[in-house]
Amino acid sequence: MSPITADALPQTGEAGDEFPAIPRSRRGDWTWELVKEFPAQGEWTEEEYLALESNRLIEFTDGVLEFLTMPKLFHGKISRFLSDMLRHFVATHRLGDVFWAPISVKLRPGILREPDVFFLTTQRLSRGDDPPVGADLVMEVVSPDAKDRIRDIKQKRREYAAAGIPEYWIVDPETETITVLTLPGGANEYTEHGVFRPEQNATSVLLPDFTVDVTTCFAAGKGTA
């Protein structure tokens, strides 16, 4: 079925219906009665978004739900490799904790994102925010869909910088590169620490001893690591 639009909703109903502007659903119709149970796009609150039960990846921008492309196994294997690497490093040095989608991160009131992998320092965890407000390092594995590429490479770069997240890793299977972006003190735009390619180690500024072998990272996605 095609997505529901305002024009697709019936505008007339029979007198005495519970929802007079919408007729009762028939076999093959959208379940109009269920649609009425949820807010319209642009009218969702953060509380309603966070209470939503779904197996979809859904982000939130100023009352609008944004449905993301479901990741494939290749994407998931890379995310798991990165989260395992980062979790081991963070746990060994007792720096905080590492989480992954679909856990939400609040960038500002009205914007919540679900990074593939993100790190919170012990100090940030001690605030007790749920969902956490901001993060200390985020990683996104770029999906092949054109809109998702723009979202991860451009839009989230702006959003994460505006939220003051100190470090952003863009992991791009298409180019087999890991771009590490850092946020100088007081800045609101990222600078490029490095674009790391196969046979190189991606390095962190925030976590000076943390490195990721680029070849092994993408091999993990292919199941050859």
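The values are calculated or read from the model by the stated rules, or taken from the named source; none is laboratory data. This one's a predicted model, so the numbers in the text were calculated from it and none came from an experiment. Here the Cβ positions follow ideal geometry from the backbone for every residue, glycine too, while neighbour counts run over all protein chains shown.
Quick grid of which residues meet (1) in contact (Cβ under 8 Å) with a residue 40 or more places away in the chain; (2) of a type in the set (A, V, I, L, M, F, W, C):
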position	(1), (2)
Pro39	no, no
Glu43	no, no
Glu48	no, no
Glu53	no, no
Leu57	yes, yes
Val64	no, yes
Pro71	yes, no
Ile78	yes, yes
Phe81	yes, yes
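Name the single residue that is modelled with the highest pLDDT among those in region 73-119 being part of a loop (DSSP other than H, G, I, E, B) and among the hydrophobic types (A, V, I, L, M, F, W, C). Step by step, filter region 73-119, then rank; the result is Leu95. Entry remark, region 158-208: residues being in contact (Cβ under 8 Å) with a residue 60 or more places away in the chain and over 15 Å from Leu82 (Cα atoms) number 1 in total.
For region 38-66, residues that are at negative phi, surrounded by 12 or more Cβ atoms within 10 Å (Cβ to Cβ) and not in a strand (DSSP E or B) total 11. Going by what's in this entry, would Glu66 be described as closer than 18 Å to Pro115 by Cβ and among the acidic types (Asp, Glu)? When the stated conditions are applied, Glu66 passes them.
For region 148-157, the set of residues classified as in contact (Cβ under 8 Å) with a residue 24 or more places away in the chain, out of contact with any Ser or Thr (no Cβ under 8 Å at 6 or more places or on another chain) and either more than 18 Å from Pro71 (Cβ to Cβ) or surrounded by fewer than 18 Cβ atoms within 10 Å (Cβ to Cβ) (or both) consists of Arg157 only. Checked against the criterion of being in contact with a helix residue (DSSP H, G or I) (Cβ under 8 Å, 6 or more places away or on another chain) and modelled with pLDDT of 80 or more, region 8-30 contains not a single residue that satisfies it.
Residues in region 120-141 that are in a loop (DSSP other than H, G, I, E, B) and touching a residue at least 60 places away in the same chain (Cβ under 8 Å) were compared, and the one that is nearest to Val205 (Cα to Cα) is Asp136.
Applying the criterion of being within 20 Å of Thr215 (Cα to Cα) and not aliphatic (A, V, I, L, M) to the residues of region 132-173, the residue that is modelled with the lowest pLDDT is Pro144. Would you pick out the residues in region 94-111 that are loosely packed, with under 15 Cβ neighbours inside 10 Å and either in contact (Cβ under 8 Å) with a residue 60 or more places away in the chain or within 19 Å of Asp213 (Cβ to Cβ) (or both)? Residues satisfying the conditions are Pro109, Gly110.
Among what's in region 190-225 and is outside any helix (DSSP H, G or I) and among the small types (Gly, Ala, Ser), pick the residue that is nearest to Val90 (Cα to Cα). Applying the filter and picking the extreme gives Ser204.
When region 126-146 is limited to residues that are farther than 23 Å from Phe81 by Cα and among the aliphatic types (A, V, I, L, M), the one that is surrounded by the most Cβ atoms within 10 Å (Cβ to Cβ) turns out to be Val133.
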